[in-house]
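Below: one structure, written as structure tokens.
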Amino acid sequence: MANDPRPTADAPRGARILVTGMSGTGKSTLLAALAARGHRTVDTDYDGWTLADGTWDEARMDRLLDTDGALVVSGTVENQGRFADRFEQIVLLSAPVEVLIHRVAHRTTNPYGRSAEDQALIRRHVAEVEPLLRARADRELDARRPVGELVSEMDALLHDLAARCGRKKDGADHD
């Protein structure tokens, strides 16, 4: 994973995106592909961003979001709503529950989702949690689409946000 929270020299402050969604939607895959294109990403499923209780380390997340530079963060945790106003866009990746179950049962990067108990919890989260994520999301992307298409759409979104953030910083945006 490309979890380097240091900003790149030419990245504008403020272009922040949260990618959220249920297990199996491909958040980590999407972030790895964005990182390969040179975007700064943090996958909060790794490297200690999530505490033992399953929530984000709020002090660490505050520090991250105070840094300069464009940033894409991924994760789905109970306290992510506390940070919602610090992202210019919240993107929900979604797919039918049977697609998610198939993906988590066959992935090799993460053991979560292989057991019947995990799969039952994923089904429950799709029914109970995903509607809450959808209500907060600025846009929803179909996670069944090819990764390359999703990366291109996210890349365009990052460039659009960077341009808007630059205008606001210069005082030229009068929305």
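The values are calculated or read from the model by the stated rules, or taken from the named source; none is laboratory data. Small disclaimer: the values here were computed from a predicted structure and weren't measured. When we count neighbours, we look across all protein chains shown, and the Cβ atoms used for this are built from the backbone with ideal geometry, even at glycine. Just so you know, the surface numbers come from the protein's heavy atoms only, side chains and all, with ligands and any DNA or RNA stripped out. Shrake-Rupley method; radii C 1.70, N 1.55, O 1.52, S 1.80 Å.
Things to note:
- Solvent-accessible area, 1.4 Å probe, carbon plus sulfur percent, for region 59-109: 49 percent
- Antiparallel DSSP beta bridges within the chain, percent to nearest 5: 5 percent
- Entry comment: accessible area of the chain is 51 Å² per residue, from protein heavy atoms only and a probe of 1.4 Å.
- Over the chain - Rg/Rh using Cα atoms and the Kirkwood inverse-distance radius: 0.96
- Formal net charge of residues neighbouring ARG134 (Cβ-Cβ distance under 13 Å; K, R +1; D, E -1): -3
- Computed with every protein chain present, the accessible area of ASP66 is close to 100 Å² [probe 1.4 Å].
- Simple spin-label estimate for ARG63 and ALA36 in nanometres, 7 Å along Cα-Cβ: 3.1 nm
- Separation of the VAL99 and ARG86 label points, Cα + 7 Å toward Cβ, nm: 3.1 nm
- Look at where the Cα atoms of region 117-152 and of region 78-107 average out, and the two centres are 4 Å apart.
- In this simple spin-label approximation, SER152 and ASP138 carry label points 7 Å from Cα along the Cα→Cβ vector, and these lie 2.2 nm apart.
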